[in-house]
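Asks: Sharing a structure below in structure tokens format, with a few things to ask.
The values are calculated or read from the model by the stated rules, or taken from the named source; none is laboratory data. What you see is a predicted model, and the numbers here were worked out from it, not measured in a lab. Here the Cβ is made from the backbone with ideal geometry for all residues, glycine too, and neighbour counts use every protein chain on show.
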Amino acid sequence: MSLHQELDKLRGKALTDLKQIKDQDSLMALRIKYLGRKGELASIMALLKQVAKEERPQLGKLVNQVKRELEIAFLRVSKTIGDRKSQGIDFTLPGIKPPIGHLHPLMRVQRELEDLFRSMGFMVLDGPELESEYYNFESLNIPIWHPARDMQDTFYIKGGKPDNRWLLRTHTSAMQVRALEKYGAPLRAVVPGRVFRYEATDASHDHTFWQLEGLVVDKDISIANLIGTMKVFLSGIFQREVEVRLRPGYFPFVEPGFELDMKCLVCNGLGCRSCKQSGWIELIGCGLVHPRVLEFGGLNPKEYSGFAFGLGLSRLVMMRYKIDDIRLLLSGDLRFLEQF
Amino acid sequence: MKISYNILKNFVEPPHVFSAKELAEVLTMHTVEVDEAVDLKEKLRGVVVGVVTAIKPHPKADKLKLATVDIGKKNLEVVCGGVNLQEGMKVALAQVGTQVRWHGETNWTSLEKTTIRGVESAGMICAAEELEIYDPQAVKYGIMDLSDNEAEPGTPLSQALGLDDIILNIDNKSITHRPDLWGHFGLARELSAIWQKPLKNPENIPIQNSRDIKLQVKIAEPDYCQRYLGIVLAGLRIFPSPLWLQRKLLSLGMRPINNIVDVTNYVMLEYGQPLHAFDLAKLVSPEIMVRLVKRGEKIITIDGVERKLDQSMLVIADNKQPQAIAGVMGGIASEVNDNTEAVIIESATFNAISTRQTASRLGLRTEASARFEKGLDPELAYLAIRRAVELICQIMPEAKIASQLVDEYPRVAKKIIIDLNLSWLEKRLGCQIPEGEVMNILQRLGFGVAGSSPNIKVTVPSWRAGGDITRPEDLIEEVARIYGYHKILPVLPKFVITPPPKDKEQELRWRIRELLIGAGWTETLSYSFVSGENEKLLRLENPVDKTKPYLRQNLISSMAEQFESAQKAGRESIKMFELGRVFLPSSGKMLAAGNSKEYLPDQPWHLLLAIYDKKAPVFRILKGVVEFIEQQTGTSFKPKYEQLNGGWLAEIELEGVETIDTVKYNPLPKFPAVIRDLSLIIPQGVLWSEIFAEISKISPLIENIQVFDVYEERGSISFSIVFRSAERTLASSEVEAVMDDIVKSLQDKFKASIR
């Protein structure tokens, strides 16, 4: 049998065998059998040396042709086997997820606010939770005899001095004078954090909750500046243009003091359940920094003015996720936490 | 505080008819926060006065009757079970559609046409209680009897009873700084400024004097009592007040008592000036002493409680003993009772701070002390006593004035005059208000304005001079709130662009959160309050939960509960963490005041990791995650590991932890590594750290040793040893020689055997 004939026979046999192939493993075995380093085609090629010199180029060409043909045939079969296999995957099965952790919803929103304020050039400050009467009340223009002390029921701590008792801060405003003492003016800062009120708990009250305080002090800061800044900030948080309104509000450390309401985003001011039919949502207590507070912070109120604002972070979280019971926030209930 | 629109209208005429919502809005936008505005008329819509013209028995029920009720335009057939139903009786008839509250129910429902035991009823004859109306003559299981009322059938009940009113509920916190707004008169004064309508000042008819009784008042402590007015009224007969007065008090949230006490309370609600009436016969003599408490004095107050007084407290005394705690509460001894014939009416101005201190020391907060502690206007005291005398004489014509009006006014306050620069005002507002308008607003609010632009002199009216308005900043609000905040357009402040400085500790905490969440851990937050008996813990003076009076010193103590309840809930795998402050008795770095040398207790931030898993080697996972954070953040922690209920916890202090960027690039190795695995059975008590140390020192060619399998129960451990040289490719014979050394040394030293 000539080499020529042997090649033909090999080609025919390989192509017949290929038709029987159903999976990649047997395909691979077949490939080794015919096209492998020690396969049948290789042994034919080894015989080329024994052929007469003048016949070699033609035969060599033929061998290569057969080789290429088989390669393509193998490839084609390989592809069709691949297709058949991929049809066996159920693409609708759920993906296998990496382990998932959950950021606490309070921290989720706090992070968002911090980022927003940082982008507006505000420092983010962290203050002590156990405070002195001086920073929590007195330096905020709330002397001992002031009726406003009753506005915030306070947890007192044993220890401290009788004229400057220790307490758990009732508001993040307690950082105002600390910030002024440390950084002076001009100042742009926010203070997020845990605050405490001595009160009974129910679905909408907890003795521990989160606030975010903001303070801006510079030359010639005005009410118009306060409104402008609040509008930008709220639009950033709610990712849309918001309408706000100011109305009188009382906080001893600002003068004048305001309550800032945001037009209800659910009903657009028409009145609905979430705004208790008023069309507005009470969101932020704010005002121009009281001259006494500037003085306590070591600044001259004739030279500087500023505004301060405080918002209930816990309330914002509850609004955002429609959480109906504030106590869930510190419950540690994983069924709650794992939803965030 | 509740406010009646009708009483407001006695003092100021509204420019048009206001709905409850509009009225609330006007006050909220310009003056105070209105929590709720209830239109009584709306609440009673559909309820009319009717006359029962005929009564028939109900064919199927003994206790029910069929009444024909004339409601003016028509007659209605109504089923009624009231025990006092009579022919000719005037009744309150709720027509279909009215909101009613059934006996014993808490919710309001809309009345529908119903069939009661087979007979159709076109409405309901109501009991007062079902409409939330006070009725002193109410009969049990009876209906409201309106026979005394003159109203024609068909008249709306709200009109017939004078309940045609809007009741506003003012948020008291929003008037903490406004002593002038603790009564209707003050709010009417605000509305007169807003509406630009004149305030109807009460007619200043002088009180007639009498010399029957010589009333004397001595103020021993003018610092504590700025003004004291007193007058004697005699010929009194003590009865329940007329119904209109009782209803008015009830709708404003006060319980009627008797005609004298009711008048003093009503005038307080009208004017915001607390009054007191002493039974003259119970005093030693008509001599009033306003003085401090003498050592050992006590008083039984009208609530029946005996109260020990201290010498800082102001009392109103006769010649023998205290008869009232000034500005707080009267004594039971001289309380007005059914036999009282003559009273001294007191209208005084007590010092705000001392009243507040006394009330808080006694733990006795009253309507009176809440007002005095804000700092009342002494001028108000006169208006109020005049009104009280007028009202008593009006409802009890036999009453007569029996003394002079005594007016001790030792300290007339100086006028407060503020220099206001109008261009400064404009800067603070951030908008321009015409000068004329600024002056006009101030004048409407009762301020005196003198001088010319830009520097004007503003005189503060007496009712705002109690500390409320003392400096120009206080005037910004006055102008702006009447002008309207909505007219101030937003302007962004001009800032220098500077990136805010960063706080490394805060950044570390955010980074830790990110890493842990990426690694499958869930963040929790727990309360700062814990139980325990550790005397070293900081302790609350007034815990809400008496079983948890301490502040947490570590996060384990506060988070353990959450961890345990997650386990109890049947969780097979828990990975929780908390970042929070803990509280230590030692001093920290924060000063207690800017000029003090005292430091607040240390309050470092801690991180707590808590893990539980029925199947996995939790300690190694925990240790692994701690090492992972350390490596990723460039920190080095001192974790405290602790076992809890089969789970493991790691508590880490973050205060003062340094973050160093430890990422270091090493040139890639030029020569390949050779890796050999080894599985050992090691006797109990031998630690991995010892094996590791032993292997490490055998050859400098050892680059790394990594554990990949551990069966602790069997004492089996498997690991890979990586060999590499920086100068050449290692021959396998070289590595085998080292491996032999390693095996031999482990066998000799630890009695380890190859598996």
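Asks: Out of all the residues in segment B:553-563, is one or more surrounded by fewer than 21 Cβ atoms within 10 Å (Cβ to Cβ), assigned by TED's automatic domain parsing to the domain that holds B:Pro585, within 25 Å of A:Ala200 (Cα to Cα) and of a type in the set (Asp, Glu)?
Replies: The answer is yes, given that some residue of segment B:553-563 is surrounded by fewer than 21 Cβ atoms within 10 Å (Cβ to Cβ), assigned by TED's automatic domain parsing to the domain that holds B:Pro585, within 25 Å of A:Ala200 (Cα to Cα) and of a type in the set (Asp, Glu).
Asks: Separate question: Could you list, in sequence order, all residues of segment B:564-591 that are outside any strand (DSSP E or B) and either buried (at least 22 other Cβ atoms within 10 Å of the Cβ) or outside the structural domain of B:Arg539 (by TED's automatic domain parsing) (or both)?
Replies: So the first thing to find is which residues in segment B:564-591 are outside any strand (DSSP E or B), and the list is B:564-572, B:582-586.
The answer is B:Ala566, B:Val582, B:Phe583.
Asks: If you don't mind, there's one more thing I want to ask. So, A:Asp8, is that one surrounded by 10 or more Cβ atoms within 10 Å (Cβ to Cβ) and without any contact (Cβ under 8 Å) to a residue 24 or more places away in the chain or not?
Replies: So A:Asp8 passes the test.
Asks: Among the residues of segment A:273-289, is any more than 9 Å from chain B (Cβ to nearest Cβ), touching a Ser or Thr at 6+ places or on another chain (Cβ under 8 Å) and within 23 Å of A:Ala203 (Cβ to Cβ)?
Replies: For segment A:273-289, residues more than 9 Å from chain B (Cβ to nearest Cβ), touching a Ser or Thr at 6+ places or on another chain (Cβ under 8 Å) and within 23 Å of A:Ala203 (Cβ to Cβ): present.
Asks: Based on this model, can you work out whether B:Gly448 counts as under 30 Å from B:Glu373 (Cβ atoms), surrounded by fewer than 17 Cβ atoms within 10 Å (Cβ to Cβ) and either within 7 Å of another protein chain (Cβ to nearest Cβ) or more than 29 Å from the chain's Cα centre (by Cα) (or both)?
Replies: Working: under 30 Å from B:Glu373 (Cβ atoms): yes; surrounded by fewer than 17 Cβ atoms within 10 Å (Cβ to Cβ): yes; either within 7 Å of another protein chain (Cβ to nearest Cβ) or more than 29 Å from the chain's Cα centre (by Cα) (or both): yes.
In short, yes.
Asks: Can you tell me which residue is nearest to B:Gly186 (Cα to Cα) among those in segment B:451-460 that are over 37 Å from the mean Cα position of the chain (by Cα) and of a type outside the set (Ser, Thr, Tyr)?
Replies: Looking only at segment B:451-460, we keep the residues that are over 37 Å from the mean Cα position of the chain (by Cα), and these are B:451-457.
Filter once more, keeping what is of a type outside the set (Ser, Thr, Tyr): B:451, B:454-457.
Working: B:Gly451: 28, B:Pro454: 30, B:Asn455: 29, B:Ile456: 26, B:Lys457: 24 Å.
If we take residues in segment B:451-460 being over 37 Å from the mean Cα position of the chain (by Cα) and of a type outside the set (Ser, Thr, Tyr), then B:Lys457 is nearest to B:Gly186 (Cα to Cα).
Asks: What number of residues within segment A:323-340 are surrounded by 15 or more Cβ atoms within 10 Å (Cβ to Cβ), in a loop (DSSP other than H, G, I, E, B) and at the interface with chain B (Cβ under 10 Å from one of its Cβ atoms)?
Replies: Total meeting the criteria: 4.
The rows are residues; the columns are (1) of a type in the set (Gly, Ala, Ser); (2) within 10 Å of another protein chain (Cβ to nearest Cβ); (3) more than 17 Å from B:Glu651 (Cβ to Cβ).
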position	(1), (2), (3)
B:Glu514	no, yes, yes
B:Pro543	no, yes, yes
B:Pro549	no, yes, yes
B:Asn554	no, no, no
B:Arg581	no, yes, no
B:Met590	no, yes, yes
B:Pro604	no, no, no
B:Asp613	no, no, yes
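Asks: If you don't mind, another one. Tell me, which residue of segment A:179-218 that is assigned to a helix (DSSP H, G or I) and buried (at least 19 other Cβ atoms within 10 Å of the Cβ) is farthest from the other protein chains (Cβ to nearest Cβ)? Before the answer, list the steps.
Replies: Filtering segment A:179-218 for residues assigned to a helix (DSSP H, G or I) gives A:179-183.
From what is left, the residues that are buried (at least 19 other Cβ atoms within 10 Å of the Cβ) are A:179-180.
On the way: A:Ala179: 12, A:Leu180: 9 Å.
The selected residue is A:Ala179.
Asks: Let me ask something else. Take B:Ala326 and decide whether it is surrounded by fewer than 20 Cβ atoms within 10 Å (Cβ to Cβ), more than 14 Å from chain A (Cβ to nearest Cβ) and modelled with pLDDT of 95 or more. Step through it out loud before you land on a result.
Replies: On the way: surrounded by fewer than 20 Cβ atoms within 10 Å (Cβ to Cβ): no; more than 14 Å from chain A (Cβ to nearest Cβ): yes; modelled with pLDDT of 95 or more: yes.
No; evaluated as a whole, the condition is false for this residue.
Asks: Applying the selection to segment B:681-722, what residues are basic (Lys, Arg) and either closer than 20 Å to B:Ala737 by Cβ or surrounded by 13 or more Cβ atoms within 10 Å (Cβ to Cβ) (or both)? Spell out how you get there, then give the answer.
Replies: Initial filter on segment B:681-722 (basic (Lys, Arg)): B:697, B:714.
Residue satisfying the conditions is B:Lys697 alone.
Asks: Tell me, which residue of segment B:283-314 that is charged (D, E, K, R) and surrounded by 17 or more Cβ atoms within 10 Å (Cβ to Cβ) is farthest from B:Ile260 (Cα to Cα)? Walk me through it before giving the result.
Replies: First pass over segment B:283-314, keeping only residues charged (D, E, K, R): B:287, B:291, B:294-295, B:297-298, B:303, B:306-308, B:310.
Filter once more, so that each one left must be surrounded by 17 or more Cβ atoms within 10 Å (Cβ to Cβ): B:291, B:297, B:307.
Numbers: B:Arg291: 25, B:Glu297: 28, B:Arg307: 25 Å.
Out of the qualifying residues, it is B:Glu297.
Asks: Sticking with this one: Would you mention how many residues in segment B:463-505 are more than 7 Å from chain A (Cβ to nearest Cβ), outside any loop (DSSP other than H, G, I, E, B) and of a type in the set (Val, Ile, Thr)?
Replies: Of the residues in segment B:463-505, 2 are more than 7 Å from chain A (Cβ to nearest Cβ), outside any loop (DSSP other than H, G, I, E, B) and of a type in the set (Val, Ile, Thr).
Asks: Look at B:Ala67 and say whether it is closer than 30 Å to B:Ala193 by Cα and buried (at least 18 other Cβ atoms within 10 Å of the Cβ).
Replies: Values: closer than 30 Å to B:Ala193 by Cα: no; buried (at least 18 other Cβ atoms within 10 Å of the Cβ): yes.
No, not satisfied.
Asks: So which of B:Val26, B:Val48, B:Val12 ends up being of a type in the set (Val, Ile, Thr), touching a helix residue (DSSP H, G or I) at 6+ places or on another chain (Cβ under 7 Å) and within 14 Å of another protein chain (Cβ to nearest Cβ)? Before the answer, list the steps.
Replies: Numbers: B:Val48 fails: within 14 Å of another protein chain (Cβ to nearest Cβ); B:Val12 fails: within 14 Å of another protein chain (Cβ to nearest Cβ).
The conditions single out B:Val26.
Asks: Of all residues in segment B:405-445, which are in contact with a strand residue (DSSP E or B) (Cβ under 7 Å, 6 or more places away or on another chain), farther than 27 Å from B:Ala188 by Cβ and within 14 Å of chain A (Cβ to nearest Cβ)?
Replies: B:Asp419, B:Asn421, B:Arg428
Asks: Under 6 Å between Cβ atoms, which residue pairs at least 6 apart in sequence (or on different chains) link something in segment A:314-340 that is of a type in the set (D, E, K, R) with a partner that is crowded, with 18+ Cβ neighbours inside 10 Å and outside any helix (DSSP H, G or I)?
Replies: Close Cβ pairs satisfying both conditions: A:Arg327/A:Asp206; A:Glu338/A:His102.
Asks: Sticking with this structure for a sec: Return a yes/no flag: does segment A:94-117 have any residue that is more than 14 Å from chain B (Cβ to nearest Cβ) and surrounded by fewer than 16 Cβ atoms within 10 Å (Cβ to Cβ). Before the answer, list the steps.
Replies: In the first step, residues of segment A:94-117 are kept if they are more than 14 Å from chain B (Cβ to nearest Cβ); the result is A:94-95.
If we keep only those that are surrounded by fewer than 16 Cβ atoms within 10 Å (Cβ to Cβ) too, we end up with A:94-95.
The answer is yes, given that some residue of segment A:94-117 is more than 14 Å from chain B (Cβ to nearest Cβ) and surrounded by fewer than 16 Cβ atoms within 10 Å (Cβ to Cβ).
Asks: Which residues, taken from segment A:143-178, are more than 8 Å from every other protein chain (Cβ to nearest Cβ), over 24 Å from B:Leu537 (Cβ atoms), among the aliphatic types (A, V, I, L, M) and surrounded by 21 or more Cβ atoms within 10 Å (Cβ to Cβ)?
Replies: Across segment A:143-178, the qualifying residue is only A:Met175.
Asks: Only one of A:Phe155, A:Phe117 is under 35 Å from the mean Cα position of the chain (by Cα), in the same structural domain as A:Ile284 (by TED's automatic domain parsing) and more than 30 Å from A:Val232 (Cα to Cα); which? It would help to see each step written out before you state the result.
Replies: On the way: A:Phe117 fails: more than 30 Å from A:Val232 (Cα to Cα).
So the residue among A:Phe155, A:Phe117 that is under 35 Å from the mean Cα position of the chain (by Cα), in the same structural domain as A:Ile284 (by TED's automatic domain parsing) and more than 30 Å from A:Val232 (Cα to Cα) is A:Phe155.
Asks: Being in a loop (DSSP other than H, G, I, E, B) and at pLDDT 95 or above is the filter here; which residues of segment B:431-445 pass it? Please lay out each step first, then the result.
Replies: First pass over segment B:431-445, keeping only residues in a loop (DSSP other than H, G, I, E, B): B:431-434, B:445.
The one that is in a loop (DSSP other than H, G, I, E, B) and at pLDDT 95 or above: B:Leu445.
Asks: How about segment B:163-201: which of its residues are touching a helix residue (DSSP H, G or I) at 6+ places or on another chain (Cβ under 6 Å) and assigned to a loop (DSSP other than H, G, I, E, B)?
Replies: Hits for segment B:163-201 are B:Leu163, B:Asp164, B:Asp165, B:Thr176, B:Trp182, B:Gly183, B:Lys200.
Asks: Do you know which of the residues in segment A:294-322 that are part of a loop (DSSP other than H, G, I, E, B) and in contact with a Ser or Thr (Cβ under 9 Å, 6 or more places away or on another chain) is nearest to the other protein chains (Cβ to nearest Cβ)?
Replies: Initially, segment A:294-322 is screened for residues part of a loop (DSSP other than H, G, I, E, B), giving A:297-304, A:322.
Keeping just the survivors that are in contact with a Ser or Thr (Cβ under 9 Å, 6 or more places away or on another chain) gives A:297, A:322.
On the way: A:Gly297: 9, A:Lys322: 20 Å.
Among those residues, the one meeting the criterion is A:Gly297.
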